[in-house]
1. Would you work out what percent of the accessible area of chain B, with all protein chains in place, is carbon or sulfur (probe 1.4 Å)?
2. Using Cα pairs closer than 8 Å and at least 6 residues apart in sequence, work out the relative contact order for region B:1-50, in percent.
3. Of the DSSP beta bridges with both residues in chain A, give the percent that are antiparallel, rounding to the nearest 5.
4. What are the principal axis extents of the Cα atoms in region A:26-94, in Å, biggest first?
5. For chain B, what's the relative contact order in percent, using C-alpha pairs closer than 8 Å and at least 6 residues apart?
6. Can you grab the distance from the C-alpha centre of region B:1-39 to the C-alpha centre of region B:72-102, Å, no decimals?
7. Out of A:31, A:22, A:52, any idea which swings most in a Gaussian network model of chain A, alpha carbons joined below 10 Å?
8. How far apart, in nm, are the 7 Å Cα→Cβ label points at residue A:57 and residue B:2?
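The values are calculated or read from the model by the stated rules, or taken from the named source; none is laboratory data. What you see is a predicted model; the values in this text were computed from it and never measured. Methodologically, a virtual Cβ is constructed for each residue, glycine included, from the backbone with ideal geometry; neighbour enumeration extends over all protein chains shown. For the accessible areas, the whole protein counts, side chains as well, though only heavy atoms, and no ligand, DNA or RNA atoms are used. Shrake-Rupley method; radii C 1.70, N 1.55, O 1.52, S 1.80 Å.
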Amino acid sequence: SQQGEEDPQALSIQEGENATMNCSYKTSINNLQWYRQNSGRGLVHLILIRSNEREKHSGRLRVTLDTSKKSSSLLITASRAADTASYFCATDNYGQNFVFGPGTRLSVLP
Amino acid sequence: NAGVTQTPKFQVLKTGQSMTLQCAQDMNHNSMYWYRQDPGMGLRLIYYSASEGTTDKGEVPNGYNVSRLNKREFSLRLESAAPSQTSVYFCASSAGLAADTQYFGPGTRLTVL
């Protein structure tokens, strides 16, 4: 069973627009991470947010965490064609292991 | 500094054949992981090794075995490959278990006929 579920499954936007994707999870977590996967490649870590944090920024990325709703969102501002990729959230079940969601496929059109 | 390397990149097997996927990391990480990724799905954990000398089952361990050969290397073995094991396999490592960032290899694309 998968802990994290991303929404939407696929998202298509124009270059320069903002992209928002969401992740919902089922049980209490220690932290939540977002990863990016370019086609045919391994995953690359983007950002980690701990359960006692509500918002975190890294460059054009903004992540929020609402533990009461068991959800997180990833906002990519001023998107570029190079942002085209699949985005995954991964939840840490207090040291057991990471559980990845099925991902959001983002297409940024020039 | 190569990070996480995996061999081979591609492999085609016939049902019943065996093979070992190799993974090595040069970041002095304690923990290592094997995942599989099926089309349109996220990663599912097969096995992990919290530290040298220990291995534990993940979500989908059936049909696989692992060996943590030393701190750098973590191999995944398919003893008798089945078509259901057709997938892309990723190895990852982290400084510690779970709470740390995981660093991924480029993946091995395995097809079982």
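1. Numbers: 2460 of 5010 Å².
The C+S portion of the solvent-accessible surface of chain B is 49 percent.
2. Numbers: 50 pairs, mean separation 15.7, N = 50.
Worked out over region B:1-50, it gives 31 percent.
3. Numbers: 39 of 44 bridges.
Of all bridge pairs located within chain A, approximately 90 percent are antiparallel.
4. Per principal axis, max minus min of the Cα coordinates gives 34, 24, 16 Å.
5. Working: 300 pairs, mean separation 40.4, N = 113.
With pairs under 8 Å counted, the relative contact order is 36 percent.
6. Measuring centre to centre over Cα atoms gives 6 Å.
7. The residue that fluctuates most here is A:52.
8. Going from the residue A:57 label point to the residue B:2 one covers 4.0 nm.
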